[in-house]
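Asks: This structure is in structure tokens; I'll ask about it shortly.
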Amino acid sequence: MLTNTKDIQQVMKVVGTSPVRPDGVPKVTGQAQYGADYSLPGMLWAKILRSPHAHARILSVDTSKALALPGVKGIILGSDFPEHPFDYVGPERVAQNYWHMTRNIMAREKALFEGHAIAAVAATTAAIAAEAVSLIEVQYEVLPHCIDVEDAMKPDAPLLFEDMITRGVEPAPTKPSNISKRLEFSTGDIAAGFASADEVVEMSFKTAAVHQGYIEPHSCLARYGADGQCELWSASQGHFVVRAYTAKLVGMEIGNLLVHPAEIGGGFGGKTVVYVEPMAVLLSRKTGLPVKIMMGREDVFKSTGPTSGSSMTVKIGVKKDGTIVAAEGLFKFQAGAFPGSPVMNATMCAFAPYIIPNVKSVGFDVVSNRPKSAAYRAPGSPISAFAVESVLDVLAKKIGMDPLKMRLKNAVKAGSPTAWGPKHSHDGYAETIQALLDHPQYNKPLGKNQGRGVASGFWFNGGGESTASVHINEDGTVVIATGSMDVGGSRASMALMAAETLGVPYESVRSTVADTASIGYNHVTGGSRVTYATGIAVVEACNKVIEDLRLRASLMWDTDIKNVVWSDGYAKPVDPSVGNFEPLSLKAIAAKRGVTGGPIGYEASTNAGGQAPGFSTQFVDVEVDPETGHVKILQFVAAQDVGRAIHRDYCAGQIVGGVVQGIGWALNEEYIYDSKGRLSNAGFLDYRIPVASDLPMIEAILVEVPNPSHPFGVKGVGEANIVPPMAAIANAIENAVGRRMTELPMSPPRVLAAIDAG
Amino acid sequence: MSKHHVTTVINGDPVEFLCQPNTSLLDVLRNELNMTGTKEGCGTGDCGSCSVTLDGRLVCSCLVLGVEAQGKEIQTIEGMANGETLHVLQRKFLEHAALQCGICTPGFLIAARSLLERNNNPTEEEVRFWLAGNLCRCTGYNNIITAVLEAAREMRGA
């Protein structure tokens, strides 16, 4: 078992370096093919008719004029998809209900949000498809709508589903509501806990819905054949999951659907679900021709998953010495038009970084007339952390304690309890706090209107199902394939782990992402799971190869396999008594494969457990312009426990990227609705994500506390980084101008109003 | 609508195409000429993914009509490398891990080259402001800025 960083560093040759990625050149020359870059002969283009209303009953849809337009080949409605039983399936934290999912793909009885798909048209050109969409006549009965989560929870709120009874409440309510679910995690005695506190702070917060903001709109191309076989090119975070969802929603066997992994132009959780794929497949089946669908940016904002907006109240009690004795949270999350916000994650992650004997954490999953929320980087955790880490900052100030030292005093480690049951199994949090305490800039004096804020964050990280294959070519080069979409350099990290395990140069390993017919199942690239779980599969496949290489060397030397070891890329005699044999390289053994058993290649599958959580602690210096309310980021330092960096630059890149998404969430980004429930800012001009001139260089600190469950010590690195920034910036603004911001985004008008309020 | 015949030069080669008067240059490049290296991120000129140069001027090709290319010279990402030799910017983007998903990369490269043609010794702030019209959601920009500054340094021979 690996116990500390130094042990690992001494034995690693390529793990922890930063070579150029195997898929790099196609991506800088424009040759890489993303979702929208595939075409086929005879291909049709499809366009989608979307609801202009936030909430409306669909009385009738007349497609006759559209169908009569020359060039139109087929039109589908929601009723063209098979119906599904109303049932929540899968683990509660990620439960799916296909009755909901098929209605999210395309409306049936009602349009539940502006942008909800009503119909899709396939035609010979995109222009004809667009014209046909305008010829479809829909009669709506416009219904009252609700947008805000508090409004949606009111007893007299317009109901999205007239028969929705809140789950998780005993006895079950008799009246329907927009509250899909209530959940609670509790431990200890919350009243006694607060009674024992020296200081108690309770505050309420609101956060806006924000979009993942991937630059590539959802796109796909489907070709359905008369034999019932279908091929689909799709940019997603997991083509096996696209295959499963699409087959189920269209009503076909999984074996008849082959999904090719197009390069993905960003996902951040938002491409773990399907939108256009089932439509393209159904239209292709209906027309007998390949069908391509490209969403526009407005469609992306209006109809694909943002993460939830929220209303929250958090109360925390501490002793004078900084010990947290009790914490209570109430988290109300917008699910969008269908149940399934990340509120369960939020209630679990909220207090997860701290040892707290008395906790009560309650969540509500609430539907309203917005697009259905989808996963966004550590889904749920950044939202509750904004509230919790803000309250902790207030408490630290009250008791006169450094906010990092207060966090350090209460930081969980291996063996610490959680509110939801199992104990923490890993260290790593305290080390991220210490990294900032040791940072030379942490105590640097600040100027006028400048302030410093800190915050921390927790994310579970994922394991799960992955498959990898490793093949040795006849010249000794290596091909590895996985079914895990490469969203930001995982081909490189897979190649690094294979090279390290086999003892060969990184450059001799070709690393690919295989389609659903060419490799076993891989779950999505999400939950920061790929370098961990798929990495385990790669290493296991390499170890099978090594066993085989030892066997072949033993055949070549006419000795027993136990007399052969594999070391630094060579088969060697275990000791001189075996014989005077020159070590055999991979290349030398591969050259003899025909006489030693044939092709050398193995596949390994895993359902990996043992993943370790991600912890990140960050400090930010800001300057607030008292005239405009504009907040400028002066310096941002983010420490995160990555377990073991496989590709150092891409680990740092994940941290910097997550922080900057958090900066956008904190300062600019929000879904803005008008009085009719229509999104007012469905474009990158008005939904403003951070641009280069908004930012300084972000400093990432890689803390490495290895995870013993992974052969190289990996912990997931993709998500924990987005958890702290919102609270860190709020805390810095308070430190700069003495105003406590409790609503996101902390945009200039809102900050200015807080300053002017005095 | 009848199509217009357009004669242009793309990456140094003569190119002719037919297009509707309301078709964007981006759609012509991608859907008529099969040059899909130029990406669509928004279609409204806000993200810079479709950056090309038109007679040396940096433009969003989604905001230019195909017919406007008549008699003009266009440079796209497909013309940036010289055979097997990558442009310095392309090499620096790879060496400095300046891309994660890569969808914005062609636009950034075209925009950065346009900057370095005008200013071969930009400050970090000048790079950040020149590239403010190009959105990247993955990298937080750190490595893109570094790659451009390093490319400028190498191109100056400094």
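Asks: Of all residues in the range B:51-71, which are surrounded by fewer than 20 Cβ atoms within 10 Å (Cβ to Cβ) and within 13 Å of chain A (Cβ to nearest Cβ)?
Replies: The answer is B:L63, and nothing else.
Asks: If you take the residues of the range A:602-637 that are aliphatic (A, V, I, L, M) and within 24 Å of A:A492 (Cα to Cα), which of them is surrounded by the fewest Cβ atoms within 10 Å (Cβ to Cβ)?
Replies: So the residue we want is A:A604.
Asks: A:R93 passes all but one of (1) at pLDDT below 95; (2) of a type in the set (D, E, K, R); (3) surrounded by 17 or more Cβ atoms within 10 Å (Cβ to Cβ); which number fails?
Replies: Checking A:R93 against (1) at pLDDT below 95; (2) of a type in the set (D, E, K, R); (3) surrounded by 17 or more Cβ atoms within 10 Å (Cβ to Cβ), the one that fails is (3).
Asks: To continue, here is another question. From (1) within 30 Å of A:L395 (Cβ to Cβ); (2) outside any helix (DSSP H, G or I); (3) aliphatic (A, V, I, L, M), pick out the condition that doesn't hold for A:M344.
Replies: Condition not satisfied by A:M344: (2).
Asks: Among the residues of the range A:474-518, how many are among the β-branched types (V, I, T) and over 25 Å from the mean Cα position of the chain (by Cα)?
Replies: 6
Asks: Kindly evaluate A:Q640 against the criterion of being over 23 Å from A:T482 (Cβ atoms), within 14 Å of chain B (Cβ to nearest Cβ), touching a Pro at 6+ places or on another chain (Cβ under 7 Å) and buried (at least 19 other Cβ atoms within 10 Å of the Cβ).
Replies: no
Asks: Next up: Applying the selection to the range A:295-311, what residues are part of a strand (DSSP E or B) and surrounded by fewer than 24 Cβ atoms within 10 Å (Cβ to Cβ)?
Replies: Matches in the range A:295-311: A:S311 only.
Asks: In the range A:26-61, which residue that is basic (K, R) and more than 13 Å from chain B (Cβ to nearest Cβ) is surrounded by the fewest Cβ atoms within 10 Å (Cβ to Cβ)?
Replies: It comes out as A:R57.
Yes or no, residue by residue, for (1) within 14 Å of chain B (Cβ to nearest Cβ); (2) over 18 Å from A:Q237 (Cβ atoms); (3) touching a strand residue (DSSP E or B) at 6+ places or on another chain (Cβ under 9 Å); (4) buried (at least 21 other Cβ atoms within 10 Å of the Cβ):
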{"position": "A:G380", "(1), (2), (3), (4)": "no, no, yes, yes"}
{"position": "A:A387", "(1), (2), (3), (4)": "no, yes, yes, yes"}
{"position": "A:A414", "(1), (2), (3), (4)": "no, yes, no, no"}
{"position": "A:T418", "(1), (2), (3), (4)": "no, yes, yes, no"}
{"position": "A:K444", "(1), (2), (3), (4)": "no, yes, yes, no"}
{"position": "A:T477", "(1), (2), (3), (4)": "no, yes, yes, no"}
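Asks: Of all residues in the range A:688-733, count the ones that are surrounded by 24 or more Cβ atoms within 10 Å (Cβ to Cβ), within 14 Å of chain B (Cβ to nearest Cβ) and among the charged types (D, E, K, R).
Replies: Of the residues in that region, 1 qualify.
Asks: Given the residues A:D227, A:D156, A:D148, which is the only one that is farther than 30 Å from B:K39 by Cα, at pLDDT 95 or above and in contact with a strand residue (DSSP E or B) (Cβ under 9 Å, 6 or more places away or on another chain)?
Replies: Step by step, each of A:D227, A:D156, A:D148 is checked, and only A:D148 is farther than 30 Å from B:K39 by Cα, at pLDDT 95 or above and in contact with a strand residue (DSSP E or B) (Cβ under 9 Å, 6 or more places away or on another chain).
Asks: Have a look at B:E68, B:E125, B:E150, B:E78 and point out the one that is closer than 21 Å to A:I264 by Cα, in a helix (DSSP H, G or I) and charged (D, E, K, R).
Replies: After applying the criteria, what remains is B:E78.
Asks: Just checking, which of A:K315, A:K320, A:K286, A:K292 is surrounded by fewer than 24 Cβ atoms within 10 Å (Cβ to Cβ), in a strand (DSSP E or B) and out of contact with any Pro (no Cβ under 6 Å at 6 or more places or on another chain)?
Replies: A:K315
Asks: Moving on. Quick test of your reading of the structure: A:K292 fulfils all but one of (1) within 13 Å of chain B (Cβ to nearest Cβ); (2) out of contact with any Ser or Thr (no Cβ under 8 Å at 6 or more places or on another chain); (3) under 25 Å from A:V72 (Cα atoms). Name the failing condition by number.
Replies: (2)
Asks: Is the range A:62-75 home to any residue that is at pLDDT below 95 and in a helix (DSSP H, G or I)?
Replies: no
Asks: Follow-up. Report, ordered by the first and then the second residue, all pairs with beta carbons closer than 7 Å, sequence separation of six or more or different chains, a first member in the range B:18-43 that is more than 8 Å from every other protein chain (Cβ to nearest Cβ), and a second member that is part of a loop (DSSP other than H, G, I, E, B) and among the polar types (S, T, N, Q).
Replies: As it stands, the answer is B:L26/B:T38; B:L29/B:T38; B:L29/B:T76, since those pairs meet every condition given.
Asks: Within the range A:184-192, does at least one residue satisfy the condition of being over 25 Å from A:Y275 (Cα atoms), outside the structural domain of A:A727 (by TED's automatic domain parsing) and aromatic (F, W, Y)?
Replies: Within the range A:184-192, one or more residues are over 25 Å from A:Y275 (Cα atoms), outside the structural domain of A:A727 (by TED's automatic domain parsing) and aromatic (F, W, Y).
Listed here are the residues, each with its yes/no results for (1) at the interface with chain A (Cβ under 7 Å from one of its Cβ atoms); (2) over 13 Å from B:A147 (Cβ atoms); (3) more than 16 Å from the chain's Cα centre (by Cα).
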| residue | (1), (2), (3) |
| --- | --- |
| B:E73 | no, yes, no |
| B:E78 | yes, yes, no |
| B:G83 | no, yes, yes |
| B:F93 | yes, no, no |
| B:I103 | yes, yes, no |
| B:F108 | no, no, no |
| B:L116 | no, no, no |
| B:E124 | no, no, yes |
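Asks: Among A:D641, A:D674, which is the only one that is in the same structural domain as A:E431 (by TED's automatic domain parsing), among the acidic types (D, E) and over 28 Å from A:P306 (Cβ atoms)?
Replies: A:D641
Asks: Could you please give the count of residues in the range A:244-283 that are away from chain B (no Cβ under 14 Å), in contact (Cβ under 8 Å) with a residue 12 or more places away in the chain and in contact with a helix residue (DSSP H, G or I) (Cβ under 6 Å, 6 or more places away or on another chain)?
Replies: Result for the range A:244-283: 10.
Asks: Here's another thing I want to ask about it. Using the structure shown, decide if B:N134 is touching a Phe, Trp or Tyr at 6+ places or on another chain (Cβ under 6 Å) and either within 9 Å of chain A (Cβ to nearest Cβ) or modelled with pLDDT under 95 (or both).
Replies: yes
Asks: If you don't mind, there's one more thing I want to ask. Taking the stated definitions as given, is A:R688 among the basic types (K, R), more than 26 Å from A:T304 (Cβ to Cβ) and either part of a loop (DSSP other than H, G, I, E, B) or touching a Ser or Thr at 6+ places or on another chain (Cβ under 8 Å) (or both)?
Replies: No: the conditions fail for A:R688.
Asks: Restricted to the range A:668-683, and to residues that are touching a helix residue (DSSP H, G or I) at 6+ places or on another chain (Cβ under 7 Å) and either hydrophobic (A, V, I, L, M, F, W, C) or under 25 Å from A:S528 (Cα atoms) (or both), which residue is surrounded by the most Cβ atoms within 10 Å (Cβ to Cβ)?
Replies: Looking at residues that are touching a helix residue (DSSP H, G or I) at 6+ places or on another chain (Cβ under 7 Å) and either hydrophobic (A, V, I, L, M, F, W, C) or under 25 Å from A:S528 (Cα atoms) (or both), I get A:L679.
Asks: Got at least one residue in the range A:540-553 being within 29 Å of A:R377 (Cα to Cα) and buried (at least 19 other Cβ atoms within 10 Å of the Cβ)?
Replies: Yes, because at least one residue in the range A:540-553 is within 29 Å of A:R377 (Cα to Cα) and buried (at least 19 other Cβ atoms within 10 Å of the Cβ).
Asks: Free of Cβ contacts under 8 Å to residues at least 60 places away in the same chain, farther than 21 Å from A:M43 by Cα and surrounded by fewer than 24 Cβ atoms within 10 Å (Cβ to Cβ) - does that describe any residue in the range A:231-241?
Replies: no
Asks: Can we say A:L586 is of a type outside the set (G, A, S) and in contact (Cβ under 8 Å) with a residue 60 or more places away in the chain?
Replies: yes
Asks: Okay, moving on. From the list A:S493, A:S511, A:S484, pick out the single residue that is assigned to a loop (DSSP other than H, G, I, E, B), modelled with pLDDT of 95 or more and of a type in the set (G, A, S).
Replies: A:S484
The values are calculated or read from the model by the stated rules, or taken from the named source; none is laboratory data. These figures come from a predicted structure and were not determined experimentally. Using ideal geometry, Cβ is built from the backbone for each residue, glycine included, and neighbour counts are taken over all protein chains shown.
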